[in-house]
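Notes follow once the structure below has been shown.
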């Protein structure tokens, strides 16, 4: 009997995912047959070394990339069935992304960077509300170049959650940050997961971060190595590296 | 889409240097179009309105003398609408305080009234009052040249009698929009004037009471002139008709039409070249700008923006840039077109000029530059958008690289590392490098097209006045005289050399083509008049047979050996077939030449002459003119040195005026292109350059990688640009050859050097502008950010 995760309903159901990239003259097998279910409201940390395929998996789940083989169902519907247009809708309505390098639009202020997303979302919170959530409402009119890395990443989180997404995909959110700032960012992610109940996937190569997860998915060489459940989620503030 | 709109405006402001440069490229293309089309329109509309409102004649003829009662028989010719008979007479004028000889044309008007055809536009004063024998209306350019106003007086020698005339008014005539003296190539407002006088007074002075020597007609709607001309010739042949002709052979109209035709060709070719080049550059530049935003495109896609929304966003960015360029181009173009049209209006006199920029022209400019910019934008956005966002967010995959020739050759030992990086980078991005080279080459080509005419025109004028017209003055006589008169001229002050010539008006016919001109008879190897071949060498006239300027031979579609039908319009008025013996390459005018004895023989006359060419010492000039003025047989004196100055002025004012504007635009485009290439290259390679700085390269070395690349690209572009420019210049030269002058296809070394120097200067300026960015290069930030 499997343990219940989050509210228990399956959000993502990935089966037999493979992904092959052609990089110049070399074929890279980023994923070699991955099966994975993600449940509503849980916080999953995917752990793996560089090149283990974790980013590729995240990108496929988030609709940024398509598998070479295999399927992903999102709430029972086959992802990619609607083609490019369907994936765009899926990302627009259901997924929030946080990237390692923040990927701010440099010509827009913090508030406007959030508004880029709320402008097209179906039922967004107001951009200022989203900034308040990450504690940066007083930096609303600052441009990315005027914000620290941690602040930029918090704006990125505000931007990702402002649309009230069903899932939040975070690709090495602390990878470019020092540990103190990284923890502040993780706190925000944890808070969003807890308060809004957004299914959250955090990928990292930093094993310490795994302690804050409901479940830890370990990847190696494009395969799932192990899935572990933490009996208790650790507070991000208690982590250190 | 509010946040995206902000991004749009901020991007515009961040990119303002490049936006300005691109806007200049667009503006330059649009400007050429507006200038060419609008000044053409202005002249064309003004011409049409003047001709229509002032009843410009459609058929003309001059004759010796016919009785007035023939007028009713002329009116009875099928298709004739109105008839106006008149008296025209040559006159020599004398304006107080002006020493050069002035010749003029007296034209009769009905006593105190407007003529029914070729009505006069009064600028000032009024027409001569009925019954006044001493009042004349004076053509505006002549009046302006001498500061004459209504009420002023001038002296005239009318049929040998010195008379004092009063200016009653200043006028313009549709017959003299381009006011050219009978022997001139271009207007000389100081030395040639047209005067209108009451018919009774003029008739009496020239013994033309109850008679006329000129007829003008208008035709009923839809009637072709040819049958009317034939009817008119039959009727007037016995009265010494020189042959009727339609508007297309009327001097003022002919030159005006040619100028309009030339402008019409320029209105297609120049904007074609400029707009084409600017469109190409625009497409490349916009493409590269959008490509530098590749990762932003990916992020927006990740957030759920659709491809259509992204294309719309960048299309809007492009549209705003195009709009800025278009606005600039239309405003500057309208201003410059006004200026160019005004240049032409010095030579073409209209009562009023209509000046308007047609919306269609703006729309065309907008469409071409808009489409080109959109194409570049669309291709780049599509490139970024078709990639899965995950892939687009990574920097592009490294290309497939091999060792290049540089690495294999021994050359690498001689180059320092940064220079090797330059060559390697160019070798490995061949397409991008080729497009840059092509873009810069096109600016070189534009600079060449914009500048070659300046030297070409010097060459033209030098040829005409050093090699062809070597005399100082041409003396035209009232009537055909024996060549013995030459001896008399030798005694005038300062005269060094006298050569006689014979001119006979003719119509030349070959196949379906014909041309009205005059055959000039001269010595077989005249000292004062050169006959040159294509290479500029002197030719000798054959003892028999006709020699034509190559342009005229081409017009008649005749080759040496062909028989040309020559209709003489003087003397016995025979028509004879004369073989074409050769061609001469003269850049100015359209001439026909024969050895004078042969011409005299064809005319069945003795050694008769129509005038003399003179060479004289400059310090006796004024004395010589004074003496010549008192010789009644002298109808007019043409001053060759003055003509040279005038024609230089004319060409400089009109054709070169336009070309100066083009050159300015070419220079702007050259700068915009080179500067933009440098800016984009910097944006694309900022990270790489920062990395090299981290690895220990010095500022100068890193700056050299980018600036050196710019220099290499520019150097590679120059020969290609010369090639393209030469081709474009050839097209332009062929397209704008006309009766009056044909700019030779000569591209001087200076023009080549100038175009190369221009683009190198643009490269230098761009390097200076971009250098601070290279020196400020922030290693840490550039390496941290993915963008």
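The values are calculated or read from the model by the stated rules, or taken from the named source; none is laboratory data. Since we're looking at a predicted model, the values are computed, not measured. Every residue, glycine as well, gets a Cβ built from its backbone with ideal geometry; the counts of neighbours run over all protein chains shown.
Within segment B:54-69, not a single residue is within 21 Å of residue B:271 (Cα to Cα) and outside the structural domain of residue B:450 (by TED's automatic domain parsing). Restrict the check to segment A:144-159 and report whether at least one residue is within 9 Å of chain B (Cβ to nearest Cβ), crowded, with 21+ Cβ neighbours inside 10 Å and within 20 Å of the chain's Cα centre (by Cα). Yes, because at least one residue in segment A:144-159 is within 9 Å of chain B (Cβ to nearest Cβ), crowded, with 21+ Cβ neighbours inside 10 Å and within 20 Å of the chain's Cα centre (by Cα). For residue B:167, the stated conditions do not hold, so it cannot be described as buried (at least 23 other Cβ atoms within 10 Å of the Cβ) and either in contact with a strand residue (DSSP E or B) (Cβ under 9 Å, 6 or more places away or on another chain) or part of a strand (DSSP E or B) (or both). Per this entry, residue A:169 is not counted among residues that are more than 14 Å from the chain's Cα centre (by Cα) and crowded, with 23+ Cβ neighbours inside 10 Å.
Note on segment A:45-101: among residues that are outside any strand (DSSP E or B) and on the phi > 0 side of the Ramachandran plot, the one that is nearest to the other protein chains (Cβ to nearest Cβ) is A:63. Strands (runs of 3 or more DSSP E) fully within segment B:445-525 that include at least 3 residues being in contact (Cβ under 8 Å) with a residue 24 or more places away in the chain, outside the structural domain of residue B:562 (by TED's automatic domain parsing) and surrounded by fewer than 19 Cβ atoms within 10 Å (Cβ to Cβ): B:473-482.
Just to check your reading of the model, which residue among B:162, B:154, B:195 is modelled with pLDDT under 90 and not in a loop (DSSP other than H, G, I, E, B)? The conditions single out B:162. Of the residues screened, residue A:195 is not one that is more than 14 Å from chain B (Cβ to nearest Cβ), surrounded by 19 or more Cβ atoms within 10 Å (Cβ to Cβ) and in a helix (DSSP H, G or I). Assessment of segment B:289-312 against the conditions (more than 30 Å from residue A:161 (Cα to Cα), surrounded by fewer than 18 Cβ atoms within 10 Å (Cβ to Cβ) and in the same structural domain as residue B:25 (by TED's automatic domain parsing)) yields no matching residue.
Does residue B:671 satisfy being in a helix (DSSP H, G or I) and over 23 Å from the mean Cα position of the chain (by Cα)? Yes; evaluated as a whole, the condition is true for this residue. In segment B:344-372, what residues are crowded, with 19+ Cβ neighbours inside 10 Å and in a helix (DSSP H, G or I)? Correct list: B:344, B:347, B:361, B:362, B:365, B:366, B:368, B:369, B:370, B:372.
Which of (1) within 18 Å of residue B:85 (Cα to Cα); (2) assigned to a strand (DSSP E or B); (3) free of Cβ contacts under 8 Å to residues at least 60 places away in the same chain is the odd one out, the single condition residue B:114 does not satisfy? It is condition (2) that residue B:114 fails.
Check segment B:13-30 and report whether any residue there is more than 26 Å from the chain's Cα centre (by Cα), farther than 30 Å from residue B:273 by Cβ and either away from every other protein chain (no Cβ under 14 Å) or at pLDDT 85 or above (or both). Yes, some residue in segment B:13-30 is more than 26 Å from the chain's Cα centre (by Cα), farther than 30 Å from residue B:273 by Cβ and either away from every other protein chain (no Cβ under 14 Å) or at pLDDT 85 or above (or both).
Against the test of being closer than 30 Å to residue B:290 by Cβ, assigned to a helix (DSSP H, G or I), in contact (Cβ under 8 Å) with a residue 60 or more places away in the chain and in the same structural domain as residue B:328 (by TED's automatic domain parsing), the options B:43, B:35, B:26 yield a single qualifying residue, B:26. Just wondering, is there one or more residues in segment B:591-604 that are under 29 Å from the mean Cα position of the chain (by Cα), modelled with pLDDT under 80, within 25 Å of residue B:187 (Cα to Cα) and not in a helix (DSSP H, G or I)? No, because not a single residue in segment B:591-604 is under 29 Å from the mean Cα position of the chain (by Cα), modelled with pLDDT under 80, within 25 Å of residue B:187 (Cα to Cα) and not in a helix (DSSP H, G or I). Within segment A:120-133, can you find the residues that are closer than 26 Å to residue B:11 by Cβ and buried (at least 20 other Cβ atoms within 10 Å of the Cβ)? Answer for segment A:120-133, where residues must be closer than 26 Å to residue B:11 by Cβ and buried (at least 20 other Cβ atoms within 10 Å of the Cβ): A:120, A:127, A:130, A:131. A single member of B:315, B:298, B:371 is more than 14 Å from chain A (Cβ to nearest Cβ), in contact (Cβ under 8 Å) with a residue 60 or more places away in the chain and under 25 Å from residue A:121 (Cα atoms), and it is B:315.
Among the conditions (1) within 14 Å of chain A (Cβ to nearest Cβ); (2) crowded, with 22+ Cβ neighbours inside 10 Å, the only one that residue B:10 does not satisfy is (2). Of all residues in segment A:109-121, those satisfying the criterion of being under 16 Å from residue B:301 (Cβ atoms) and facing chain B (nearest Cβ under 7 Å) are A:116, A:117, A:119, A:120.
Failed condition for residue B:201, given (1) over 30 Å from residue B:465 (Cα atoms); (2) in contact with a strand residue (DSSP E or B) (Cβ under 8 Å, 6 or more places away or on another chain), with all others met? So the condition that residue B:201 fails would be (2).
The set of residues from segment B:626-643 being surrounded by fewer than 18 Cβ atoms within 10 Å (Cβ to Cβ) and touching a strand residue (DSSP E or B) at 6+ places or on another chain (Cβ under 8 Å) comprises B:629, B:632, B:633. Sort out which residues of segment A:63-75 are under 17 Å from residue A:199 (Cα atoms) and at pLDDT below 90, and write them in order of number. Across segment A:63-75, the qualifying residue is only A:63.
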